[in-house]
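Written out below as structure tokens is the structure these notes cover.
Quick note: the coordinates plus some simple rules give every number you see, no bench work behind them. Because the structure is predicted, anything quoted here is derived from the model rather than measured. Glycine also receives a Cβ, built like all others from the backbone with ideal geometry; neighbour counts cover every protein chain displayed.
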Amino acid sequence: MACPENQFVTQITELYEKILKLESLKPSKEVDTLFGQRITMCLPTDTQIDFSKMSQDVQDMRSNLIKLRGEAVGYLEQHFSKLWGSLEDPLNHIDRFPTYANYLNLSKLEYDLLTQHTTHVPTKIAFVGSGPMPLSSIILAKSHLPNTMFHNFDIDPQANALASHLISRDPDLSARMIFHTTDLLKMTKEVLSDYDVVFLAALVGLDKKAKIKAIEHLEKHMAPGSLLMLRSGHGLRGFLYHIVDPCDLKGFEVLTMYHPMTDAFVNSVVVARKLGTQTTTVRDSEVRSGQI
């Protein structure tokens with residue numbers, strides 16, 4: 001009987017070869033179908049895979065798949081942000097985004113985890129890698145944190161222009177959401193230490209080395225006691241997003257690692273606290289798997 005792990009690698013390799021043959025990663029029926037198959041293929045939670053034992057070719061394929069998906073997501077967000085930004089009430093249409101339900105579920109979980117590890121409602125949140133369709137910030141601001149300021153950071157000026165235009169006709173959000181065009185690695189302590197919570201988007205750092213570099217930069221410049229919320233992968237879902245392990249979070253106290261057991265959303269969620277003089281307790285990291 002074939003090993004489930006080997007079967008999976010064979011199937012994902014065949015899909016990868018089809019994706020490489022695409023003329024463009026911009027939204028189309030073929031792009032949506034292939035990347036949809038990739039997500040479905042990676043959803044099962046009963047098959048574990050040891051990434052350290054994979055060949056270098058498979059490791060490279062995995063990393064490139066994550067990069068290709070990041071590019072495709074960028075095009076998808078640009079498409080819908082431009083489309084809805086041209087309408088009279090853009091935010092009345094965002095629930096039609098293909099993965100909107102996943103964002104709803106993920107944002108609710110992140111808010112619940114956030115409230116478990118802070119004694120006060122954050123006044124300012126930084127979201128790094130917000131993109132042209134900042135659904136996480138929008139949902140958190142509208143549904144969970146109605147009095148919090150959201151500072152969205154992205155390296156792409158076009159992404160920020162589209163995102164800013166998308167919320168510009170909402171009096172509340174346009175007053176509470178600010179967009180900054182900058183490279184994370186150029187964000188100084190004077191900037192990052194001003195936030196109670198920093199969210200790091202899943203597609204910031206499209207290879208593991210870049211992801212670790214981003215985390216290390218945040219560790220150097222975030223305020224002691226502030227929270228880092230980041231998205232990761234687990235099991236087969238490590239072919240969707242890079243896996244962040246506790247050992248990657250030097251200088252942070254890992255509070256929770258949540259691995260979803262359903263397809264309500266695909267990301268794992270990691271909550272960590274920046275160590276330093278303002279940190280009053282050190283707790284064992286808590287690993288959760290569960291359903292929403």
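Cross-link partners of Lys208 among lysines, defined as those whose alpha carbon lies under 17 angstrom from its own and excluding same-chain residues fewer than eight positions apart: Lys53, Lys67, Lys250.
Ranking of Tyr241, Tyr16 by neighbouring Cβ atoms within 10 Å, starting from the fewest: Tyr16, Tyr241.
Using a simple spin-label model with pseudo-atoms 7 Å out from Cα toward Cβ, Glu5 and Asp172 lie 4.9 nm apart. Electrostatic tally near Cys42: other residues with Cβ closer than 12 Å to its Cβ, Lys and Arg +1, Asp and Glu -1, net +3.
Spatial offset of region 229-253 relative to region 149-172 amounts to 27 Å, using the alpha carbon center of each. In terms of distances greater than 30 angstrom between alpha carbons, the cross-link table entries Lys82/Lys274; Lys142/Lys209; Lys142/Lys189; Lys21/Lys142; Lys26/Lys209 yield Lys82/Lys274; Lys142/Lys209; Lys21/Lys142. Counting Cα-Cα pairs of region 14-110 in 5 Å increments starting at 0 gives whole-percent bin shares of 2, 10, 16, 20, 19, 15, 10, 4, 2, 1, 0. Counting Lys and Arg as +1 and Asp and Glu as -1 over every other residue whose Cβ lies under 13 Å from the Cβ of Pro4, the net charge comes to -3. Using C-alpha pairs under 8 Å with a sequence gap of at least 6, the mean separation divided by the residue count of the chain gives a relative contact order of 17 percent. Sorting the segments 160-167, 249-256 by their residues' average number of neighbouring beta-carbon atoms within 10 angstrom, most packed first, yields 160-167, 249-256. Here the Debye sum runs over all C-alpha atoms of region 134-185 as equal scatterers in vacuum, and log10 of I(q)/I(0) at q = 0.15, 0.22 Å⁻¹ comes out as -0.37, -0.77.
Full extension of the segment from Gln48 to Ala223, taken as 0.36 nm per residue of separation minus the current Cα-Cα distance, would add 59.4 nm.
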